[in-house]
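The values are calculated or read from the model by the stated rules, or taken from the named source; none is laboratory data. Remember, it's a predicted structure, so these values are computed and weren't measured experimentally. All Cβ positions, glycine included, derive from the backbone under ideal geometry; neighbour counts span all protein chains shown.
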Amino acid sequence: MSDRFNILIVDDEQKICEILSEILDGEGYKTYTAYNGADALDSIRKYDIDLMLLDIKLPDMDGITVLKKIKKLSSFVSVVMISAFGTVALAVEALKSGADDFIEKPLETNRILTTIKNVLEKVELRKESNLLKSEIIEKYRILGDSLQIRKVLELIDKIALSTGLVLIRGESGVGKELVARNLHFKSGRAAKPFIKVNCAALPGELIENELFGHEKGAFTGAYTRKSGQFELANNGTLFLDEVGDMSLQAQSKVLRAIEDNEIQRLGGTKPIKVDVRIITATNKNLQHLISEGHFREDLFHRINVLSINVPPLRQRKDDITLMADYFLKNACIDNNQPLKTLSKKAIQFLKHQDWPGNVRELKHLMEKAAILIEDAIIDIDDIEAIIGKEERGLTGVDRIEIDDAKKKFEKKYILSILNKTGWHITKAAKMLGIDRSTLFRKMKKLCIRK
Ligand SMILES: Nc1ncnc2c1ncn2[C@@H]1O[C@H](COP(=O)(O)OP(=O)(O)OP(=O)(O)O)[C@@H](O)[C@H]1O
Ligand SMILES: [Mg+2]
């Protein structure tokens, strides 16, 4: 693994630089040398240095100053200080200023090599987690350059760093969850958990159990203690999706948790301190729910400190071209298909639709197109065939043809998803956006068998 790492040796004693270079080259590292602070900083700018061995005493500036400057230039360089006898106190100061480790002179080969190896292992991990982070950012990137979406992005940047509760509103499929995830990873809590609870999926008391957990013996069947999502989200973000569907009893407990920053497990007696940022989302009109007595007004005011309204896709049709291209390209790559593009007319066609299912609907359509259409350029009729535009005054023959095509497409599509998930029905149903029983019915109707 060592040949992938670049090491910069900084020492005013030329002899030491030469010896270290020889040892490290022999281990397969690529080495550079500098005899003073200015040259060291220069090398950091010029080369892609992973690790630096830095003498604490240099002719032009002391090692700690160099270290501080380097940390400003790049947070990716690891630094191991070299301290002479009597400079250990300085070395400790260096650790506080961001050095990874230090070794004392006289230098001993084994000690140098183990220290370097340990520090580089950390570098490797850091590189991986940075990669992971950039993958997450890419995965949840909010696409669009319409005025409306730019306003949403600005708002996210403005409020991500605050601690205020955020209510995200918008129709189904507009990207509310995406907004919540962006708020999280742009906040100071990014390294801590992001936990999503779908309040609509959990009826009555189940939601309380999910949110607050329970003590052993709290109810029949509670054989062990279980932490709730509030506890698991500690120091991070708790995303309460479909908050409008929460029972009134759960609402009052959530309100208390927000006001006191503490929760109690079901059947518990001790309050537990929690520090979570709560983000909520709903596609319902909470004011209506309040007037009907289904949502607590005091909770509404608590969660609605900051609010983001994500407009439906039909109100930002300028985003459609960019999104459709992106979704289509990604779907082709994900499904090992040759890259396809949309004809100008096809894009115009997409822009004329109303998209009741919003971005999710557009994304699914592009996934279908990537898998089902064989031409490199996708045209209106291809898209019409997969949408299966029913009510368009088609003749009986057209109708049958389209139905046939739809069935074929659907079969091929379902098969591809089944194969992709290794015939895992639950996963496949989820990817298709239908429930398991519907998938079984479709498989039967379309004669899909393994
Ligand atoms: N601006 C966008 N850029 C890229 N992808 C988007 C955008 N908006 C939504 N999506 C994608 O559309 C799908 C639906 O988005 P999301 O789940 O965030 O919507 P939602 O508003 O939470 O929907 P629901 O109310 O049904 O839960 C996701 O796959 C998401 O990645
Ligand atoms: Mg959602």
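Once the stretch 162-175 is narrowed to residues that are more than 12 Å from N309 (Cβ to Cβ) and within 13 Å of ligand 1 (Cβ to nearest atom), the residue that is surrounded by the most Cβ atoms within 10 Å (Cβ to Cβ) is G173. In the stretch 25-39, the residues that are basic (K, R) form Cβ pairs under 6 Å with partners that are at pLDDT below 95, at six or more places apart or across chains, as follows: K30/N6.
Only a single item in (1) at pLDDT 95 or above; (2) within 16 Å of ligand 2 (Cβ to nearest atom); (3) of a type outside the set (D, E, K, R) is not met by I195, and it is number (1). Only residues that are within 16 Å of ligand 2 (Cβ to nearest atom) and at positive phi were counted across the stretch 129-171, and they come to 1. Meeting the requirement of 2 or more residues that are touching a Gly at 6+ places or on another chain (Cβ under 7 Å), the helices (runs of 4 or more DSSP H) wholly within the stretch 1-86 are 63-73.
One residue stands out in the stretch 96-117 among those that are loosely packed, with under 14 Cβ neighbours inside 10 Å and over 19 Å from D25 (Cβ atoms): the one that is farthest from the chain's Cα centre (by Cα), namely P106.
Candidates in the stretch 148-161 are the residues that are in contact (Cβ under 8 Å) with a residue 12 or more places away in the chain and exposed (fewer than 14 other Cβ atoms within 10 Å of the Cβ); of these, the one that is nearest to ligand 1 (Cβ to nearest atom) is D157. None of Q229, Q337 is more than 23 Å from K176 (Cβ to Cβ) and in contact (Cβ under 8 Å) with a residue 12 or more places away in the chain except Q337.
Against the list (1) surrounded by fewer than 19 Cβ atoms within 10 Å (Cβ to Cβ); (2) at pLDDT below 95; (3) within 21 Å of Y413 (Cβ to Cβ), the condition V305 fails is (3).
Residues that are away from ligand 2 (no atom under 16 Å from the Cβ) and among the small types (G, A, S) were ranked within the stretch 176-192; the one that is nearest to N304 (Cα to Cα) is S187. Here H301 does not fit the description of being part of a helix (DSSP H, G or I) and touching a residue at least 12 places away in the same chain (Cβ under 8 Å). Among the residues of the stretch 314-330, at least one is of a type in the set (A, V, I, L, M, F, W, C), touching a residue at least 60 places away in the same chain (Cβ under 8 Å) and assigned by TED's automatic domain parsing to the domain that holds L372.
Looking only at residues in the stretch 163-192 that are of a type in the set (A, V, I, L, M) and in contact with a helix residue (DSSP H, G or I) (Cβ under 7 Å, 6 or more places away or on another chain), the one that is farthest from W355 (Cα to Cα) is A190. Of the residues making up the stretch 176-233, those that are within 21 Å of V254 (Cα to Cα), away from ligand 1 (no atom under 15 Å from the Cβ) and of a type in the set (F, W, Y) number 3. Determine whether I136 is in contact with a Ser or Thr (Cβ under 8 Å, 6 or more places away or on another chain), in contact (Cβ under 8 Å) with a residue 12 or more places away in the chain and within 25 Å of G236 (Cα to Cα). It is false that I136 is in contact with a Ser or Thr (Cβ under 8 Å, 6 or more places away or on another chain), in contact (Cβ under 8 Å) with a residue 12 or more places away in the chain and within 25 Å of G236 (Cα to Cα). T237 satisfies every condition listed in (1) among the hydroxyl-bearing types (S, T, Y); (2) within 16 Å of ligand 1 (Cβ to nearest atom); (3) over 23 Å from D157 (Cα atoms) except (3).
Out of the residues in the stretch 267-286 meeting the condition of being surrounded by fewer than 15 Cβ atoms within 10 Å (Cβ to Cβ) and either under 23 Å from N304 (Cα atoms) or basic (K, R) (or both), tell me which one is nearest to ligand 1 (Cβ to nearest atom). Ranking the qualifying residues of the stretch 267-286, first place goes to N285.
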